[in-house]
Amino acid sequence: MKSPFLKRIVPHLIAVGIFLLIAIVYCSPALQGKVVNQHDLLGWKGMAQQSFDYKEKHGHFPLWTNSMFSGMPAFTIAMDQKYPVSLGYIYYIITLGLPKPASYLFVACLCFYFLCQVLRIRSWLSILAAVGFAYATFDSIIIAVGHESQMQALGLAPAVLASFFLVLQRRYWWGVSLLAIFSGLQIGTQHLQIVYYTILTLGIISVCYLIQNAKEKQARNAIISLALAAVAGIIGFCSYAVSMLPLQEYAKETMRGGRSELTADAKNKTKGGVDKDYAFTWSYGKSETLTLLVPNIYGGGSGGTQFKGQTKFSDKLAELGVPEESALQMENGYAYWGAQTRGTSGPVYLGAVICFLFIFGLVYYKGWHKWWIVGTVLLGILMAWGKNFAGFNYFLFDYLPFYNKFRAPTMALVLPQLAFPLLGALSLEQLFNDKSDRKEIWKKFKLTVYITAGLLAILIIFYLTSDYKGEGDSMTRDSFVSMLSRGNPQGDAQAQPIAQSMIKALQEDRQSLYGSDLLRTFFLILIAVLLMGAYLKNKIKALVLVIGLLVISAFDLFAVGKRYLNNDNFVEPDEFTAPLLPTAADQQIMSDPNKPFRVYDNSDAVNGPYNSSRAANFHNAIGGYSPAKLALYQDLIERQLSNGNMEVFNMLNTKYFIIENPSNRQPVAQMNPGAYGPAWIVKEIKQVRNADEEMKALDSTHLRDTAVIQEKFKSAIKFPPQFDSAAVIKVRYYLNDTIRYDFNAKTNQFVVFSEIYYPLGWNAYIDGTKSDYVKTDYLLRGMSVPAGKHTIEFRFEPRTYQLGNTVTLLATLLAYALLAVAIFMETRKKALPV
């Protein structure tokens with residue numbers, strides 16, 4: 001190979017080819033036009049349908065959606081910017097046009113490979129580490145359930161770190177430009193929890209870097225590098241200001257912003273954040289952390305396919321006449337017995353080989369990178385324990401900036417996922433370059449083996465001594481007792497021992513599941529030990545060792561990953577969207593021409609009205625699904641709607657209820673004649689002192705005649721309403737971001753609008769003049785309107801969106817300019833004579 005350029009580029013082309021091949025094979029049905037049957041993505045489609053319908057008609061996404069929770073900002077659902085300049089083009093380029101989800105896995109490999117190259121790790125080692133990162137089971141699981149933005153953000157995280165290291169290496173043009181671009185792309189996914197963990201990692205790296213440079217008397221240069229990195233991060237943030245600025249503003253009004261004004265349950269609330277109970281729902285058990293090494297130690301997931309063949313549990317059910325397929329489906333639902341009380345889609349498994357290489361790195365690696373990696377791993381594991389390590393995590397929740405905006409602590413295990421393969425690759429790179437006495441290296445290798453053997457011994461003891469009892473086992477046993485005793489005069493007396501034997505069989509099957517994976521881990525590590533031992537004894541070359549480790553690691557991760565993302569997860573697009581087809585009840589409601597009105601869908605017995613966005617696909621729904629709904633609305637759900645207060649349903653203009661017909665279990669639409677309509681004129685105003693009194697007043701007030709308003713809004717009420725039997729208000733024009741009403745009355749009136757109160761963007765105008773409106777009936781809008789004929793208009797025009805468009809354009813142009821300068825400087829450097 002004569003050309004130096006080709007010599008440099010060919011290893012990278014081989015790496016890209018391997019990543020491409022693996023992604024295509026792993027997700028082969030995607031190339032046939034199939035899509036992953038993702039429950040959460042299906043939910044998003046329901047949430048976003050109205051926004052897409054609006055864009056098809058008007059050419060742009062609306063900023064407000066009426067389809068869920070009686071109306072909410074659409075910033076977290078679907079939005080675009082005014083200007084066509086975007087960093088998103090770069091993301092599309094690096095996907096090579098691959099279909100989802102192959103593109104996500106390919107980008108994750110590519111970005112981690114980039115990180116390894118920046119840290120000067122040879123190509124084949126970089127490939128080993130990249131595959132270890134991208135195909136850890138967490139990625140397969142989140143793809144299977146539809147957390148696409150999470151996967152995008154996680155896949156981009158190594159590129160953010162790589163760009164940061166370029167800055168620390170004082171390759172400023174490349175580092176600053178790429179850090180601006182990749183941090184912008186990651187922020188643009190809007191999965192801010194993964195962004196947050198990435199920033200925490202950068203913080204730990206910065207501390208270790210400063211300490212290292214202080215030792216070397218280079219603190220000044222380190223500070224300059226970190227300052228430039230901060231500037232690049234700000235540019236990246238600003239490149240997506242069009243979404244981030246409105247989103248930050250909106251977040252303060254949501255459940256995650258702790259917006260509720262009610263004083264009840266104050267102990268469980270964190271100022272400016274979500275409730276602790278809600279935030280720490282998915283907390284990893286301390287011993288459950290061992291799934292990093294053995295995936296099925298706690299039964300895998302809730303409702304997966306861990307059990308496939310004949311089991312003791314299925315044999316018990318077969319005696320009762322239950323088909324094996326049904327029995328296995330039932331058992332898989334009970335397989336998980338860990339600490340996550342609401343279940344889990346699967347374990348976080350990093351791979352036996354990757355874990356062994358990480359332990360080797362802990363023992364052998366000498367560089368400063370070791371300390372930030374260890375710090376990142378420890379932080380990720382401790383944070384993932386959540387409420388199971390309450391003293392530490394509640395402190396972080398209360399005092400670590402912005403941390404109280406997030407939930408699901410288990411997600412913090414993405415930090416070990418990133419760190420484990422990197423330390424393994426760094427340690428092998430150092431090993432291959434080490435010219436010291438092999439005896440000393442052999443001692444450290446033996447210590448690694450001893451530590452690993454000790455860990456396996458602990459796992460064996462755990463296997464032999466665990467009771468395999470899940471928190472829900474007693475409830476499961478009781479349900480079996482109820483089922484078995486139905487119609488039996490002897491009742492529970494005969495059912496109890498049978499049900500207990502079924503639970504015992506289930507627990508034995510859990511042990512068997514753990515045992516098979518434990519044996520599997522043992523053999524994989526044994527192969528890795530033999531390969532490394534052979535290299536240290538000069539029996540094989542470094543390349544043979546790396547390829548051998550790559551093969552067994554890939555086999556390991558692919559086999560476990562396929563338990564959660566396999567060909568069975570892929571379906572034809574029509575089959576995927578079939579649940580979104582309208583029912584007869586939907587069609588009946590959609591045929592009603594007297595819009596606008598809202599619909600309460602209570603036909604989903606599994607998810608309920610507030611955890612399903614199915615109705616939002618067709619109607620303006622009372623319910624929906626969003627982990628960041630407006631806090632005022634959540635208050636109303638908990639204290640009024642869940643209690644069936646018809647006055648509140650009526651004020652929300654709930655014209656239809658969808659319920660399940662008990663005779664055929666099909667949804668049926670029932671009209672509510674008491675719905676108040678889109679706006680109404682009240683006879684009087686009831687003033688209350690605070691939010692608690694306002695909420696309580698909804699229990700007993702006839703809201704069609706009386707508006708409930710807090711005293712703090714008194715100055716915005718221009719005059720008391722004067723009864724006029726002929727007064728009228730009607731909707732003339734009703735769109736997401738603009739609503740117009742025609743008003744006519746002989747006397748001054750107070751109008752209540754069945755629209756959600758959100759003052760951060762909604763402006764009111766009477767005959768074109770901006771006017772005040774107030775929070776009414778806890779979360780609606782109310783306004784004093786003078787006598788006469790008037791046009792009342794509400795426009796959603798958040799200033800943050802307008803500002804964000806301008807900032808995004810400027811920051812994006814700056815990021816591209818920096819990249820152009822970096823390319824120019826590189827070509828200029830190579831054009832200079834040697």
Within the stretch 118-144, how many residues turn out to be open to solvent by less than 10 Å² (accessible area, probe 1.4 Å), farther than 15 Å from ALA559 by Cβ and assigned to a loop (DSSP other than H, G, I, E, B)?
1
Residue identified as open to solvent by 40 Å² or more (accessible area, probe 1.4 Å) and part of a helix (DSSP H, G or I) among ALA232, ALA227:
ALA227
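Table: residues versus (1) free of Cβ contacts under 8 Å to residues at least 12 places away in the same chain; (2) hydrophobic (A, V, I, L, M, F, W, C); (3) surrounded by fewer than 21 Cβ atoms within 10 Å (Cβ to Cβ).
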residue: GLY303; (1), (2), (3): no, no, yes
residue: SER314; (1), (2), (3): no, no, no
residue: GLU319; (1), (2), (3): yes, no, yes
residue: GLU325; (1), (2), (3): yes, no, yes
residue: GLY338; (1), (2), (3): no, no, no
residue: THR341; (1), (2), (3): no, no, yes
Counted residues in the stretch 618-634 being touching an Asp or Glu at 6+ places or on another chain (Cβ under 8 Å) and outside any loop (DSSP other than H, G, I, E, B) come to 4
Within the stretch 352-368, does at least one residue satisfy the condition of being among the hydroxyl-bearing types (Ser, Thr, Tyr), part of a helix (DSSP H, G or I), in contact (Cβ under 8 Å) with a residue 24 or more places away in the chain and open to solvent by 40 Å² or more (accessible area, probe 1.4 Å)?
no
Might you check whether a residue that is aromatic (Phe, Trp, Tyr), over 24 Å from the mean Cα position of the chain (by Cα) and either modelled with pLDDT of 95 or more or open to solvent by less than 10 Å² (accessible area, probe 1.4 Å) (or both) occurs anywhere in the stretch 389-406?
no
Regarding SER474, is this residue at pLDDT 85 or above, over 18 Å from PRO295 (Cα atoms) and within 35 Å of the chain's Cα centre (by Cα)?
yes
What's the number of the only condition in (1) open to solvent by 50 Å² or more (accessible area, probe 1.4 Å); (2) not in a helix (DSSP H, G or I) that VAL599 fails to meet?
(1)
For the stretch 277-301, which residues satisfy the criterion of being in a loop (DSSP other than H, G, I, E, B), of a type in the set (A, V, I, L, M, F, W, C), open to solvent by less than 20 Å² (accessible area, probe 1.4 Å) and more than 19 Å from ALA352 (Cβ to Cβ)?
PHE280
How about the stretch 734-834: which strands (runs of 3 or more DSSP E) wholly inside it have at least 3 residues that are surrounded by 14 or more Cβ atoms within 10 Å (Cβ to Cβ), without any contact (Cβ under 8 Å) to a residue 40 or more places away in the chain and not charged (D, E, K, R)?
762-766
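Provide a single number: the residues in the stretch 66-91 that are part of a helix (DSSP H, G or I) and under 21 Å from the mean Cα position of the chain (by Cα).
Residues that pass the stated criteria total 2.
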Answer yes or no as to whether TRP64 is open to solvent by 30 Å² or more (accessible area, probe 1.4 Å), over 20 Å from LYS562 (Cβ atoms) and in contact (Cβ under 8 Å) with a residue 24 or more places away in the chain.
no
So PHE480 ticks every box in (1) open to solvent by less than 50 Å² (accessible area, probe 1.4 Å); (2) closer than 20 Å to SER287 by Cα; (3) in a helix (DSSP H, G or I); (4) of a type outside the set (Gly, Ala, Ser) but one. Which box is left unticked?
(2)
Single match in GLN190, GLN212 (criterion: out of contact with any Cys (no Cβ under 7 Å at 6 or more places or on another chain) and in a loop (DSSP other than H, G, I, E, B))
GLN190
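Among the candidates GLN710, GLN722, single out the residue that is in contact with a strand residue (DSSP E or B) (Cβ under 8 Å, 6 or more places away or on another chain), among the polar types (S, T, N, Q) and open to solvent by 50 Å² or more (accessible area, probe 1.4 Å).
Answer to the check: GLN722.
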Could you list, in sequence order, the residues of the stretch 95-116 that are farther than 14 Å from THR189 by Cβ and without any contact (Cβ under 8 Å) to a residue 60 or more places away in the chain?
GLY97, PHE114
Across (1) touching a helix residue (DSSP H, G or I) at 6+ places or on another chain (Cβ under 8 Å); (2) modelled with pLDDT of 95 or more, ILE589 clears everything bar (1)
Looking at (1) part of a helix (DSSP H, G or I); (2) within 28 Å of GLN193 (Cα to Cα); (3) open to solvent by less than 40 Å² (accessible area, probe 1.4 Å), which is the one condition that is false for VAL348?
(1)
For residues that are open to solvent by less than 70 Å² (accessible area, probe 1.4 Å) and among the polar types (S, T, N, Q), scanning just the stretch 1-53, find the one that is nearest to ASN569 (Cα to Cα).
GLN38
Selection count where residues are at negative phi and within 35 Å of the chain's Cα centre (by Cα), scope the stretch 652-689
14
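Out of all the residues in the stretch 688-704, which are in contact with a Phe, Trp or Tyr (Cβ under 9 Å, 6 or more places away or on another chain) and either touching a residue at least 12 places away in the same chain (Cβ under 8 Å) or closer than 11 Å to PHE750 by Cα (or both)?
ALA691, GLU694, MET695, LEU698, LEU703, ARG704
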The residue that is farthest from PHE112 (Cα to Cα), considering only those in the stretch 422-445 that are open to solvent by 80 Å² or more (accessible area, probe 1.4 Å) and not acidic (Asp, Glu), is LYS439
When every residue in the stretch 630-685 that is aromatic (Phe, Trp, Tyr) and more than 23 Å from PHE794 (Cβ to Cβ) is compared, the one most open to solvent (accessible area, probe 1.4 Å) is PHE657
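The values are calculated or read from the model by the stated rules, or taken from the named source; none is laboratory data. Just so we're clear, the structure is a prediction, and the values are computed from it rather than from any experiment. Methodologically, a virtual Cβ is constructed for each residue, glycine included, from the backbone with ideal geometry; neighbour enumeration extends over all protein chains shown. Heads up: the accessible areas ignore ligands, DNA and RNA and are worked out on the full protein's heavy atoms, side chains in. Shrake-Rupley method; radii C 1.70, N 1.55, O 1.52, S 1.80 Å.
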